[in-house]
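Let me begin by presenting the structure, written as structure tokens, before commenting on it.
The values are calculated or read from the model by the stated rules, or taken from the named source; none is laboratory data. This structure is a prediction, so every number in the text was calculated from the model and none was measured. Here Cβ is always computed from backbone atoms with ideal geometry, including for glycine, and neighbour counts include all displayed protein chains.
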Amino acid sequence: MPKAFDHEEVLCLPLVASLATCEADGAPRCAPVWYHWENGALFMLSDDGASSARRIRHTPEVAVEIVDYDNARGIMRHLGLRGRATVEAMDQDLFRRLLSRYLGPDETRWNPWFIENVARIPDPSGRLIKLVPDSIFTNDVSFFRTRPRFATE
């Protein structure tokens, strides 16, 4: 009983996405990523040496899966995006907007160790993976605890 929903409802949440790419030999790979949705594009963190960026440069076709799951409230919404990704030069303002989704809006409260060692602001090797999706799929299966609400609508 698939039920579509507005994909913007999930893309605005600070969830973890799964980025699926392929090695040159066709072997699939999947990596968890933070993301930011802006102007019809999904941006994900990367850097010059990252394996995801390397794979995308060789085979740009990707899939991104995001699941909004809350067991206690009985929510399970799946969002899938498909298309050709690109590896873009770092945009520090966009990068900060992405980080603020997960770390909060006040940069003075961000963990300095994380910023220096993981986020590496500013880092000239920093990159953003950009996906302008060719297709977007949504499926609300928030009926696993009860019968579908929409079955009686």
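Considering only residues in segment 127-153 that are acidic (Asp, Glu) and at pLDDT 85 or above, the one that is farthest from Leu42 (Cα to Cα) turns out to be Asp140. Under the condition of being in a helix (DSSP H, G or I) and either of a type outside the set (D, E, K, R) or buried (at least 18 other Cβ atoms within 10 Å of the Cβ) (or both), the residues counted in segment 100-128 number 11. Restricting segment 72-99 to residues that are touching a strand residue (DSSP E or B) at 6+ places or on another chain (Cβ under 9 Å) and not in a strand (DSSP E or B), the residue that is farthest from Arg54 (Cα to Cα) is Arg97. Scanning segment 39-71 for residues being surrounded by 20 or more Cβ atoms within 10 Å (Cβ to Cβ), of a type outside the set (A, V, I, L, M, F, W, C) and in a strand (DSSP E or B) gives a total of 1.
For segment 69-79, a tally of residues being more than 12 Å from the chain's Cα centre (by Cα) and either among the aliphatic types (A, V, I, L, M) or closer than 14 Å to His7 by Cα (or both) returns 5.
Would you please name the residue that is nearest to Asn139 (Cα to Cα), looking only at residues in segment 33-78 that are touching a residue at least 60 places away in the same chain (Cβ under 8 Å) and of a type in the set (S, T, N, Q)? Per the criteria, the residue is Ser52.
Quickly run through segment 13-34 and pick out the residues that are surrounded by 11 or more Cβ atoms within 10 Å (Cβ to Cβ) and among the hydrophobic types (A, V, I, L, M, F, W, C). Within segment 13-34, Leu13, Leu15, Val16, Ala17, Leu19, Ala20, Cys22, Cys30, Ala31, Val33, Trp34 qualify.
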